[in-house]
1. With a Cα-only, solvent-free Debye model of region 120-232, what are the log10 I(q)/I(0) values at q = 0.10, 0.22 Å⁻¹?
2. Compute the distance in nm between two label points, each set 7 Å from the Cα along the Cα-to-Cβ direction, one at residue 177 and one at residue 161.
3. Using the Kirkwood radius built from alpha carbon pairs, what does the Stokes-Einstein equation give as D for region 71-129 at 25 °C and 0.890 mPa s, in µm² per second?
4. Would you please put 111-117, 160-166 in order of how densely packed they are, using the mean number of other Cβ atoms within 10 angstrom per residue and starting with the highest?
5. To the nearest 0.05, how large is the calculated FRET efficiency for residue 154 and residue 204 if R₀ is 22 Å and r is the Cβ-Cβ distance?
6. What list of ³J(HN,Hα) couplings, whole Hz, do you get for region 181-198 from phi and the Karplus terms 6.51, -1.76, 1.60, once you set θ to phi - 60° and write x for glycine and proline?
7. If I model a spin label as a point 7 Å beyond the Cα along the Cα-Cβ vector, how far apart are those points for residue 142 and residue 80 in nm?
Amino acid sequence: MVATPAGDTAASPDPGGAGATTMRVRATTSLLIAGRVAPLPGDEGSATALEQRILDAALVCIARWGVAKTTLDDIAREARCSRATVYRLVPGGKDGLMLAAAERELARFFAHLAERLEAESTLVGRLAVGIAESMLVVSGHEALQYLVEHEPEVVLPFVSFDALDPLFGAAASFGAATLGTFLEPADARAIGEWVARIVVSYGFEPDDSLDLTDARTAERFVLRYLPHLNPAGAPALSPADARRTEQERTHVQH
């Protein structure tokens, strides 16, 4: 492994023969700042600075006390505003505020991940880094991890059965947008959803023998369970298609 100037890691060239495939899969540090998804440039233009501060305050309080013990007064105090201001800017009471904070975190996460994947020039690289980065966020998000450990009843309704459909739908759309260079639209959507299912499964029930926060491990995982993918980029041809292509090539040559 070699270190990049930004402190990322990249897979070293394969020491095999001249025909060996060289693959670079880089893993950044977590997308988190102070245990929350890092803010995006221009966030202030999409909502008032005070509203953003209120949502940030909600996450701070959740990471500190959980949802059950956090009150709107706590959030208002953390945001340095009045309770009335919280009600005015984020309607729906405590439930509405929690939902707004979760939706903003998810939107920020997808935007950051899309930017991160732009640097990956292969399909396997995008899948591996997508899994690793997502796992880093899940495992390092202080508010989410507090709930998983102390108040799982708050999280479980959103990560089980039909409640996952909106998340998987968003992941499928994200896959279509970020993997469409390499795959047909239906395949890109399916693999986007597959990645989300992997992250949900291993993110909330980690396997100590499989560290998917590591991009190299995630790369091996992808190639193991999606063996038809070509590490160089596009999906590899099936054996039948490969034989047909070779026959066509031979026919043209003769």
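Read the figures in this text as sums done on the coordinates, not as results from a lab. This one's a predicted model, so the numbers in the text were calculated from it and none came from an experiment. Cβ atoms come from the backbone with ideal geometry, glycine included; neighbour counts cover every protein chain shown.
1. -0.30, -1.27
2. About 3.0 nm separates the two model spin labels.
3. D, rounded to a whole number, is 179 µm²/s.
4. Result, highest mean Cβ count within 10 Å first: 111-117, 160-166.
5. Working from the Cβ atoms, E equals 0.95.
6. 5, 10, 10, 5, x, 5, 5, 4, 5, 5, 6, x, 5, 4, 4, 4, 5, 5
7. Going by the 7 Å Cα→Cβ label model, 1.7 nm.
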